[in-house]
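**Q** One structure follows; several queries about it will come next.
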Amino acid sequence: NSKMKITVLYSEIAEYTVACLNQLALIDNDIQLVHWPINPEAPFKFDLSFCKAVISRDSATFYDLLDSVRKFNPDLILCSGWMDKDYVKVCNHFKGDVPTILSMDNHWEGSLKQHIARLVSPFTIQKAFSHVFVPGHVQENYALKLGFDEKQIKLGFYSADTSRFDHYFDEIGQKKLDDFPKRFLFLGRYVKHKGV
């Protein structure tokens, strides 16, 4: 209901991420985006002009990040995962002052790495994050194993920029419905753990 200042500490940005952040900006929020360098294997060009500040992670030390976030003075911090230790340290610094939200899409597989994460979570992950934002119940299960309770976990992470496909439907939608009334659309990676 009121304008917010949101710091987003992100790993590798994608079009759906940009679309979501743009929607947040359109409803009158200020966005500070820190992101990893664009992957040369996927050299997409993103329009980030809606952000109040954009910082490439490769050009910022931990102290640079901390100083930038302090100056921005966010009402909320969203962090993609816990693999970037400087991101986690920034969240740890601000936890208690503003919501620090961990976003993750991993689901529990019971691997040694996940068991270690579960054991160290009270001393690392839970110390830095007040909430967890996950796509669905499968990922919620992992968040519960990390020690977060149901009140700290929010569902619905991930989205799509559907407006990008609207004109295709406008052009051929009725013909497709008449000639071929079945359709299946999958946008994602064909990897086993996604459950495709």
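**Q** If I compute solvent accessible area with a 1.4 Å probe over the protein chains, what percent of it on the chain is carbon and sulfur?
**A** Values: 6930 of 12520 Å².
Looking at the chain in its full context, I get 55 percent from C and S.
**Q** Using every pair of alpha-carbon atoms in the range 133-181, split the distances into 10 Å bins beginning at 0 and state the percent of pairs per bin, rounded to integers.
**A** Here the calculated profile for the range 133-181 is 22, 27, 16, 21, 14, 0.
**Q** Can you pull the accessible area of D178 for me, 1.4 Å probe, Å² to the nearest 10?
**A** D178 has an accessible surface of roughly 110 Å² with all protein chains in place.
**Q** Another question about this same structure. Please give the Cα centre distance for the range 58-114 versus the range 124-196, rounded to the nearest Å.
**A** First find each Cα centre; the distance between them is then 22 Å.
**Q** Okay, next question. For the range 18-160, with only Lys/Arg (+1) and Asp/Glu (-1) charged at the beta-carbon, what is the dipole magnitude about the Cα centre, in debye rounded to 20? Each step should come with its number before you reach the end.
**A** Values: 14 positive and 16 negative charges, 73 e Å.
The calculation lands at about 340 debye.
**Q** 222 nm [θ] for the chain, helices only, -39500 (n - 2.57) per DSSP H run of 4+, per residue, to 500?
**A** On the way: 7 runs with 69 residues, N = 196.
Roughly -10500 deg cm²/dmol at 222 nm, from the helical runs in the chain.
**Q** Now a separate question. How compact and how long is the range 66-137, expressed as Rg and Dmax of its alpha-carbon atoms in Å?
**A** According to the Cα coordinates of the range 66-137, Rg and Dmax are 12.8, 40 Å.
**Q** Same structure, new question: Which lysines have a Cα less than 18 Å from the Cα of K95, not counting those fewer than 8 places away in the same chain?
**A** Result set, ordered by chain and number: K5, K71, K85, K127, K151, K154.
**Q** If you don't mind, another one. Over every pair of different alpha-carbon atoms in the range 1-120, take the mean of 1/r and invert it; report that Kirkwood radius in Å.
**A** That comes to 15.3 Å for the range 1-120.
**Q** Tell me which of G110, V134, T7 sits at the most positive position along the dipole axis of the chain, charges placed on C-beta atoms (Lys, Arg +1; Asp, Glu -1).
**A** It is G110.
**Q** Can you check how the C-alpha radius of gyration of the range 109-196 compares to 2.2 N^0.38 Å, as a plain ratio? Working shown, then result.
**A** Values: Rg = 19.4 Å, N = 88, 2.2 N^0.38 = 12.1 Å.
Rounded to two decimals, the normalised Rg is 1.61.
**Q** If you don't mind, there's one more thing I want to ask. On average, how much accessible surface per residue is there in the chain, in Å², for a 1.4 Å probe, leaving out ligands, DNA and RNA? Write out the running numbers ahead of the final one.
**A** Working: 12520 Å² over 196 residues.
For the chain, the solvent-accessible area averages 64 Å² per residue.
The values are calculated or read from the model by the stated rules, or taken from the named source; none is laboratory data. From a predicted model like this one, the values you see are computed outputs, not experimental measurements. Methodologically, a virtual Cβ is constructed for each residue, glycine included, from the backbone with ideal geometry; neighbour enumeration extends over all protein chains shown. Side chains are part of the model used for accessible areas, which takes the heavy atoms of the whole protein and leaves out ligands, DNA and RNA. Shrake-Rupley method; radii C 1.70, N 1.55, O 1.52, S 1.80 Å.
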